[in-house]
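Structure record follows, encoded as structure tokens.
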Amino acid sequence: MTPPSTLRIQADLGRLRDVRRFVREVAPGLGADELAVRDLVQAVDEWVTNVVVHGYRGAGGPIELELARSGDEIVARVRDAAPAFDPATAPAFDPDLPLERRPAGKMGIHLIRLLCDRFEHRVPAGGGNENAMVKSTRTAPNRTGGAA
Amino acid sequence: MNTTIDRVSPEVAVLALDGELDASNYRELITTGSSLYADGARSLILDLSNLAYMSSSGIVALHSLALIFRGQLPPDPEAGWAAIHAVSADTAAGEAADQVRLVNPTPAIDSVLERTGLRRILPVYPDRNAAIAG
């Protein structure tokens, strides 16, 4: 594994643009192709949003984002000190629901599951959460919504 | 994100989005669209040509605007399933939502629309004129 690059922020929706910029700047240097970068940017943005809004409930707190390469994969780890929450326990989102029956939110985790090859949660020894979004450096171009 | 309003008629407004739409600014988009509806607009054309990024919060905004332009109050995204079920009980499911039309999303944003199912709910047009003509 290459040495990780790390961004530390306070939980604030105003920092989301910095989070996206960090991933856009670092991931290509780790070997991620254009589509993999795009998917990682979105996945990390969705998860950091979730931590700010639902984890810390807007009250603030530290967030650490670490990007590293492991084999043929990019691993984006997000660490926070919010109450433990495993996103695997979130209910599935049904994209086929009509407008009137769709939840207004709940789509972030759904998107992360589609964008990443793996989405793993653990509770570190000191508490909080560590969520790892794992993505192959090369993304098949022929899937739904593939590269332009 | 910057927005530019072009009121092409009393009933039709074009709202062009420029920049990035995320959790920090999606409520501003809902507010802008609500104001246009309150001012008499009944069709909203969202020109996405210069929108470089959209998170799922942007999808929440589009969902809310689609309900507003049907004359319905959107559920609060933080209110959970109870509010959503309350809305669904008052409306007929599966109705077309062509009061809000999308124009020229980038492939990346089109992918988000597809993955969240909104591509099958809101019509997408290649340019403004086609969207205005409906």
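The values are calculated or read from the model by the stated rules, or taken from the named source; none is laboratory data. A quick note: this is a predicted structure, and the numbers were derived from the prediction, not measured. Here Cβ is always computed from backbone atoms with ideal geometry, including for glycine, and neighbour counts include all displayed protein chains.
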Residues of region A:13-46 being among the acidic types (Asp, Glu) and farther than 20 Å from A:GLU120 by Cα, in sequence order, are A:ASP18, A:GLU25, A:ASP33, A:GLU34
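Quick grid of which residues meet (1) of a type in the set (Gly, Ala, Ser); (2) assigned to a loop (DSSP other than H, G, I, E, B); (3) under 29 Å from B:GLU28 (Cα atoms):
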site: A:THR6; (1), (2), (3): no, no, no
site: A:ARG17; (1), (2), (3): no, no, yes
site: A:VAL26; (1), (2), (3): no, no, no
site: A:ALA59; (1), (2), (3): yes, yes, yes
site: A:LEU67; (1), (2), (3): no, no, no
Subset of region A:7-21, residues surrounded by fewer than 17 Cβ atoms within 10 Å (Cβ to Cβ) and out of contact with any strand residue (DSSP E or B) (no Cβ under 7 Å at 6 or more places or on another chain), comes to A:ASP12, A:GLY14, A:ARG21
Hey, can you tell me all the residues within region A:45-81 that are of a type in the set (Gly, Ala, Ser) and surrounded by 21 or more Cβ atoms within 10 Å (Cβ to Cβ)? A:GLY55, A:ALA76
Which one is surrounded by the fewest Cβ atoms within 10 Å (Cβ to Cβ), of the residues in region B:19-47 that are in a strand (DSSP E or B) and within 14 Å of chain A (Cβ to nearest Cβ)? B:GLY19
Conditions first: (1) part of a loop (DSSP other than H, G, I, E, B); (2) in contact (Cβ under 8 Å) with a residue 24 or more places away in the chain. A:ILE74 passes all but one, so which condition is the exception? (1)
B:HIS63 fails exactly one of (1) in contact (Cβ under 8 Å) with a residue 40 or more places away in the chain; (2) over 13 Å from the mean Cα position of the chain (by Cα); (3) surrounded by 22 or more Cβ atoms within 10 Å (Cβ to Cβ), namely (2)
Test B:ALA13 against the criterion of being in a strand (DSSP E or B) and either buried (at least 19 other Cβ atoms within 10 Å of the Cβ) or under 14 Å from the mean Cα position of the chain (by Cα) (or both), and give yes or no. yes
Output the qualifying pairs, or none if there are none: Cβ atoms under 7 angstrom, residues six or more apart or on different chains, first residue in region A:1-30 and within 11 Å of another protein chain (Cβ to nearest Cβ), second residue acidic (Asp, Glu) and in a helix (DSSP H, G or I). A:LEU16/A:ASP45; A:VAL19/A:ASP45; A:ARG20/A:ASP45
Determine whether A:ASP117 is of a type in the set (Asp, Glu) and away from chain B (no Cβ under 14 Å). yes
For region A:56-77, does any single residue satisfy the condition of being at pLDDT below 95 and among the aromatic types (Phe, Trp, Tyr)? no
Checking the conditions here, which among B:GLY19, B:GLY71 is out of contact with any helix residue (DSSP H, G or I) (no Cβ under 6 Å at 6 or more places or on another chain), modelled with pLDDT of 95 or more and on the phi > 0 side of the Ramachandran plot? B:GLY19
Answer with yes or no whether A:ALA32 is modelled with pLDDT of 95 or more, in a helix (DSSP H, G or I), within 16 Å of the chain's Cα centre (by Cα) and of a type outside the set (Asp, Glu). no
